[in-house]
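Down below is the structure, laid out as structure tokens.
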Amino acid sequence: MARRTKVYEGKAKILYEGPEPGTLVQYFKDDATAFNAKKKEIIEGKGVLNNRLSEFFMVGLNNIGIPTHFLKRLNMREQLISSCEIIPLEVIVRNFAAGTLCERLGLEEGRQLSRPLVEYCYKDDSLGDPLVSEEHIAAFGWASHQEMDEILSLALRVNDFLSGIFYGVGIRLVDFKIEIGRVFESDFQRLVIADEISPDSCRLWDIDSGEKLDKDVFRRDLGNLTDAYSEVAMRLGVIQPSNSKVAEPRLVK
Ligand code: 5GP
């Protein structure tokens, strides 16, 4: 089999050149990292689940007119995506206080915010992805004012979409991170939701029990990460329960 050209390798994914110009193949690894890669583990099956879950969310977003980089899933670990120029920002939307928001402002975890809070972090692992303001983004030319307006609107639309989907299966969308890319088509440029949307990049709590069903399970050693992600995937109908009682074939006499 012809070897593919690797374009980029990140902590959880690899990008290869795609079959046609303007496309890439995104491969989901089983690697889990936290605390800026200070904690690392291979979690068997995580890449497969995130590939399926990210496909589910991206297809849903495309279907309601929110553009994403997703074109199609190729196999258990890979999807075909549009090649885009990633804006070097992590766009974080928060509905409930958790994580670094609590650390920064001394808030109690789980407090509902009076409205969704959108934050921007500069994507640079060596700096620990620092929080930046729109002033920084404009001053350093990471995105234009017009793009920032569009990014804010996209982030809030994604939040409404995801919050509703999760609410329907008894899960609270506490917060999430998305990345935005620029896709160039002849003389035009448009913004798309890029990277992935999965329990790696969201905080998801069971609405009744408060059980964590996201990467905090790994960050805080709360249990088995693939069990948590499988639970999310099963509730959304993305995978079927593996222990569903399918009757064994019986010899009929
Ligand atoms: P926090 O700022 O509280 O650590 O994270 C807020 C939300 O963004 C959480 O859902 C978290 O999973 C997500 N997030 C923040 N930084 C990253 C990152 O570098 N990678 C991923 N996958 N998610 C992130």
Positions within the range 66-82 being open to solvent by 50 Å² or more (accessible area, probe 1.4 Å) and in contact (Cβ under 8 Å) with a residue 40 or more places away in the chain, in sequence order: 71, 74, 77
Every residue from the range 164-176 that is open to solvent by less than 40 Å² (accessible area, probe 1.4 Å) and of a type in the set (D, E, K, R): 175
Single unsatisfied condition, residue 237 versus (1) surrounded by 13 or more Cβ atoms within 10 Å (Cβ to Cβ); (2) away from the ligand (no atom under 16 Å from the Cβ): (1)
Residues located in the range 124-136, provided they are open to solvent by 70 Å² or more (accessible area, probe 1.4 Å) and either without any contact (Cβ under 8 Å) to a residue 12 or more places away in the chain or not in a helix (DSSP H, G or I) (or both): 126, 127, 131, 135
Conditions (1) more than 16 Å from the ligand (Cβ to nearest atom); (2) buried (at least 17 other Cβ atoms within 10 Å of the Cβ); (3) of a type in the set (D, E, K, R); number of the one not met by residue 115: (2)
Any hit, the range 168-179, residues being farther than 29 Å from residue 87 by Cβ and assigned to a helix (DSSP H, G or I): yes
Strands (runs of 3 or more DSSP E) enclosed by the range 28-96 - at least 3 residues per element that are touching a Leu at 6+ places or on another chain (Cβ under 7 Å), over 16 Å from residue 201 (Cα atoms) and more than 12 Å from the ligand (Cβ to nearest atom): 78-82
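Matching residues to (1) closer than 20 Å to residue 92 by Cα; (2) part of a loop (DSSP other than H, G, I, E, B); (3) in contact with a Pro (Cβ under 6 Å, 6 or more places away or on another chain):
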residue: 192; (1), (2), (3): yes, no, yes
residue: 217; (1), (2), (3): yes, no, no
residue: 221; (1), (2), (3): no, yes, no
residue: 238; (1), (2), (3): no, yes, no
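The values are calculated or read from the model by the stated rules, or taken from the named source; none is laboratory data. This is a predicted model, so every value here is computed, not measured. Neighbour counts run over all protein chains shown; Cβ positions are idealised from the backbone, glycine included. All accessible areas refer to the heavy atoms of the entire protein, side chains included, with ligands and DNA or RNA removed. Shrake-Rupley method; radii C 1.70, N 1.55, O 1.52, S 1.80 Å.
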